[in-house]
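Each value in this text was obtained by applying a stated rule to the coordinates, not by laboratory testing. Here the structure is a predicted model, which is why all the values come from computation and not from measurement. Backbone-built Cβ (ideal geometry, glycine too); neighbour counts: all protein chains shown.
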Amino acid sequence: MKKILVTGGAGFIGSAVVRQFINDTPHGVVNVDKLTYSGNLESLETVSDNSRYRFEKADICDIEAISAIFDRHEPDCIMHLAAESHVDRSISGPLEFMQTNILGTYTLLEASRNYWQKLPEGKRNQFRFHHISTDEVYGSLGDQGYFTEDTPYSPNSPYSASKASSDHLVRAWHHTYGLPVVTTNCSNNYGPYHFPEKLIPLMILNALQGKPLPVYGKGENVRDWLFVEDHARALRLVLEKGRIGETYNVGGRCERSNLDVVNSICAILDELFPGKAPHASLIAFVKDRPGHDFRYAIDASKIERELGWLPQETFESGIRKTVEWYIDNPEWVNHVTSGSYRHWVEEHYGK
Ligand code: NAD
Ligand code: TYD
C-alpha cells in the first residue's frame with residue numbers, strides 16, 4: 001500500500017483520480033487543495049469518510065504549508081494536478097495562472113526535492129513526481145497531423161503558456177537534480193463533476209434550462225475528447241509503470257468539432273425530453289475566443305504500446321453518461337453555481 005499526495009484533488013480530474021484510488025486500490029490519498037472556485041469537496045463525498053483518505057487545505061505556492069504536509073504525511077509519491085485550468089479566464093486575468101501553474105509547480109518541485117533527498121534509499125528509489133499537463137502546450141494543428149511526445153512546444157494562450165512553463169520546470173528538476181519525474185499531456189476531458197464553465201457541462205446545463213448555447217465563431221474548432229475516468233486510469237498506470245523522465249500523451253482518438261459536440265448533447269436531450277425538442281434551436285453563434293486554437297489531436301500510441309492503456313468509453317457512451325449525470329445531480333450543480341457551497345467551505349475551512 002502506498003500513500004499518494006494528490007494536488008488539486010477537489011477538482012474535476014483530481015477528484016476522479018482520488019475516487020479511483022480509494023474505490024479500486026488499497027492505496028491511501030492525501031488531497032492537497034486550496035479550494036478555489038473550481039475545487040469542490042462534494043465531488044469526494046463518496047470517499048471522504050474512508051480511513052485511507054485525508055484532506056489538507058493549502059495553497060501549493062505556500063512552501064511552509066506544503067513542506068509541513070510532506071513532513072506530516074510522508075507520501076510515497078506526488079500527483080500534481082492543482083492548476084488554474086480555464087483558457088477564457090486566463091485571457092481575462094492571467095496573473096493567477098502564472099502564480100499557481102508556474103510558481104506553484106516550482107514550489108512543489110522544491111518541497112518534493114527537499115523531501116526526496118532525505119528519504120532512505122529504498123523509498124527514494126520508489127518516489128515519483130507525476131506532473132499532469134495538457135496537449136495545449138503543443139499549440140494548434142491544421143486539418144492534418146497529430147501531437148506526439150516529440151512535437152515542439154508552441155503554446156498560444158496564457159493558460160497553455162503557463163502549463164508549458166511548468167512542464168519545462170519539471171523536466172529541469174529531473175535533468176539537474178535527478179528528481180524522478182513523469183509527465184502526461186492529455187487532451188480535453190469531459191464527464192461528471194466538471195465545473196460548468198467548460199464547453200460540455202455549460203451546454204448541458206444551459207440546454208436543460210432553455211438558455212442559449214454560446215458557440216464561439218462557427219463551431220468548427222476541433223477538440224479530442226476523453227472521458228475523465230479513462231484519463232484517471234491512464235494517470236494511475238503512468239504513475240505505476242511509466243519510465244522516469246518520460247512524457248506520455250493521453251487522448252481518446254475522438255475528434256469532434258464543437259458544433260458536433262453541442263449537436264450530440266442536443267440529440268440526447270431531445271430523446272429524453274421530446275417536449276422541449278429541438279434543443280439545437282438554442283444554439284447561438286457568438287464572438288470567437290481571441291487566439292482560438294483550431295484543432296488539438298493526440299497520437300496516443302506511446303502509452304498504448306508501452307503501458308497497454310486504452311480508453312474504455314466511446315464518445316457516444318461517455319457523453320450519454322455525462323448528460324444523465326448532470327440531470328441526476330441537480331444538488332451538486334446548484335451548489336457550485338449558487339455560491340452556497342463557497343459559504344459552506346469558508347465556514348468549515350476558513351477563507
Ligand atoms: P479544475 O479547475 O477542475 O481543478 C483544479 C483544482 O486545483 C481545484 O480543485 C482547485 O481548487 C485546485 N487549485 C487551484 N489552484 C490551487 C493552488 N494554488 N493550490 C492548491 N490547489 C489549487 O481542473 P481540472 O480540469 O481537474 O484539471 C486538473 C489538471 O489537469 C490541471 O493541471 C490541468 O491543466 C490538467 N488538464 C486538464 C484537462 C481538461 O480537459 N480539464 C486536460 C488536460 C490536462
Ligand atoms: P473549453 O471547454 O474551454 O476547453 P479548451 O479551451 O481548453 O479546449 O472549450 C472547448 C472548446 O469549446 C473550445 O474550442 C472553445 C469552445 N467553447 C465554445 O464554443 N463555447 C463556450 O461557451 C465554451 C466555454 C467553449
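Observations, loosely collected:
- Here the residues His27, His80, ranked from fewest to most Cβ neighbours within 10 Å of their Cβ, fall in the order His27, His80.
- Axis of helix 340-349 versus longest Cα principal axis of the chain: the two differ by about 10°, to the nearest ten degrees.
- Angle in degrees between helix 12-24 and the longest Cα principal axis of the chain, rounded to the nearest 10: 60
- Segment Glu271..Asn50, full-extension length gain: 75.7 nm, with 0.36 nm per residue of separation and the alpha-carbon distance subtracted.
- The calculated FRET efficiency for the pair Leu103 and His343, based on their C-beta separation and a Förster distance of 35 Å, comes to about 0.75.
- In Hz, Karplus ³J(HN,Hα) per residue of region 204-216 (6.51, -1.76, 1.60; θ = phi - 60°; x = Gly, Pro): 4, 5, 4, 5, 5, 9, x, 8, x, 9, x, 9, 6
- Alpha-carbon centroids, region 105-157 and region 221-287: separation in whole Å: 23
- Computed [θ] at 222 nm, deg cm²/dmol, the chain (DSSP H ≥ 4; -39,500 (n - 2.57); rounded to nearest 500): -13000 deg cm²/dmol
- DSSP-assigned coil residues among GluC sites (Glu not before Pro) in region 6-59, each with at most 14 further Cβ atoms within 10 Å: Glu45
- Degrees separating the helix 105-117 axis from the principal Cα axis of the chain, which is the longest one: 30
- The mean sequence distance of close C-alpha pairs (under 8 Å, at least 6 residues apart), as a share of the length of the chain, puts its relative contact order at 17 percent.
- log10 of Debye I(q)/I(0), alpha-carbon scatterers only, for region 246-306 at 0.12, 0.14, 0.20 Å⁻¹: -0.51, -0.64, -0.87
- Region 158-196 and region 1-64: distance between their alpha carbon centers, rounded to Å: 18
- Long-range tail of P(r) for the chain (Cα pairs > 34 Å, %): 22
- 5 angstrom amide H check on Gly9, placed H, neighbours 5+ away: Val32
- Neighbour counts of C-beta atoms inside 10 Å place Ser133, Ser281, Ser257 in the sequence Ser281, Ser257, Ser133, starting with the fewest.
- In units of the compact-protein estimate 2.2 N^0.38 Å, region 169-295 shows a Cα radius of gyration of 1.33.
- Of the chymotrypsin sites (Phe, Trp or Tyr not before Pro) found in region 233-342, the ones in coil according to DSSP and having at most 15 other Cβ atoms within 10 Å of their Cβ are Phe294.
- Candidates Asn221, Asn31, Asn40: whichever shows maximal mean-square fluctuation once the chain is modelled as a Gaussian network with Cα springs under 10 Å: Asn221
- Nearest-20 debye value, region 201-269 charge dipole, Cβ charges on Lys, Arg, Asp, Glu: 80
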